[in-house]
Amino acid sequence: AQTVTQSQPEMSVQEAETVTLSCTYDTSESDYYLFWYKQPPSRQMILVIRQEAYKQQNATENRFSVNFQKAAKSFSLKISDSQLGDAAMYFCAYRSYRGANSKLTFGKGITLSVRP
Amino acid sequence: NAGVTQTPKFQVLKTGQSMTLQCAQDMNHEYMSWYRQDPGMGLRLIHYSVGAGITDQGEVPNGYNVSRSTTEDFPLRLLSAAPSQTSVYFCASRRDRGRNNEKLFFGSGTQLSVL
């Protein structure tokens, strides 16, 4: 079974600075997706960024980028120019590429606070 | 386009009561699922369905039932609520085929308290 580990329960960053959130995963598969979801206090789950394992290029979405290290099974999220609105809980998630019933497996999440 | 609609948003139950959390999506998604979110535990899969008439258990299915009589609806039933079921519940759906089928669309969640 696949597992996703987020070892840091909390992090803090100064507004306008850069922060990196860590995530590691365990799988025996070669094809899969990785995701970062943001959950602000509103409770809504918002997809921040996704990465397909077969792509060597790291995904980027505006101020959000990932460092995907397939051999190390590491998938960290970098937030540049942090803003107050980035304060939220962030979840790393894994999904197998194959199978209609492949499910999304989440890490335990990390709470990010942004200092003004 | 409403997306994934969950009702109610909040609910308080007494131990032993039953209730149904409703979930509906209007995107013609084949795959639907229920997660529960507990502090320090992330989101854990309760049940899922890959189409009408097909359901299967996830990681934490005990105490919950589901059915999928239509493509649009996927209700979650608590037959006899227990304090351990106090949690935030999310319904989520996605396409099963074609491009961009990896994106999961979430409802806004239901905060359930069992006293």
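No lab work stands behind these numbers, since they all come straight from the coordinates. Since the structure is predicted, the reported quantities are computational estimates derived from the model, not experimental observations. No Cβ is skipped: glycine too gets one built from the backbone with ideal geometry, and neighbour counts run over all protein chains shown.
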Pick from A:TYR32, A:TYR54, A:TYR90: which residue has the top mean-square fluctuation in a GNM of chain A where Cα pairs under 10 Å get a spring?
A:TYR54
Given labels modelled 7 Å from the Cα in the Cβ direction, how far is it in nm from B:THR86 to B:MET19?
1.4
GNM flexibility winner over chain B from B:MET27, B:MET19, B:MET41 (Cα, springs under 10 Å)
B:MET41
Give the order of B:ARG68, B:ARG36 when sorted by the count of other beta carbons within 10 angstrom, beginning with the fewest.
B:ARG68, B:ARG36
How many angstrom lie between the C-alpha centres of the stretch A:27-105 and the stretch B:46-71?
26
If you stretched the chain out fully between A:SER42 and A:TYR97, how much longer would it get, using 0.36 nm times the residue separation minus the C-alpha to C-alpha distance?
16.8 nm
Mind grabbing the base-10 log of I(q)/I(0) for chain B at q = 0.22 Å⁻¹? Debye formula, identical points on the C-alpha positions, no solvent, two decimal places.
-1.25
Express in nm, to one decimal, how much length is gained between A:GLN56 and A:ALA1 on full extension, taking 0.36 nm for each residue of separation and deducting their alpha carbon distance.
17.4 nm
GNM on chain A, Cα springs under 10 Å; top mean-square fluctuation among A:SER42, A:SER74, A:SER96 goes to A:SER42
For peptide B:109-115, what's the mean number of Cβ atoms from other chains within 10 Å of each residue's Cβ?
1
Taking loop as defined by DSSP and a crowding limit of 15 other beta carbons within 10 Å, which GluC sites (Glu not before Pro) in the stretch B:1-89 fit?
B:GLU59
For A:LYS38, give me every one of the lysines with a C-alpha distance below 28 angstrom, ignoring sequence neighbours fewer than eight places off in its own chain.
A:LYS55, A:LYS70, A:LYS73, A:LYS78, A:LYS103, A:LYS108, B:LYS9, B:LYS103
Simple spin-label estimate for B:ARG77/A:MET11, 7 Å along Cα→Cβ, in nm, reads 4.4
Within 10 Å of each Cβ in A:40-49, how many Cβ atoms from other chains are there, averaged over the peptide?
3
Could you tell me the convex hull volume per residue, in Å³, taken over the Cα atoms of the stretch A:15-116?
99
Which order, highest average first, do B:74-81, B:4-11 follow once you tally other Cβ atoms within 10 Å for each residue and take the mean per peptide?
B:74-81, B:4-11
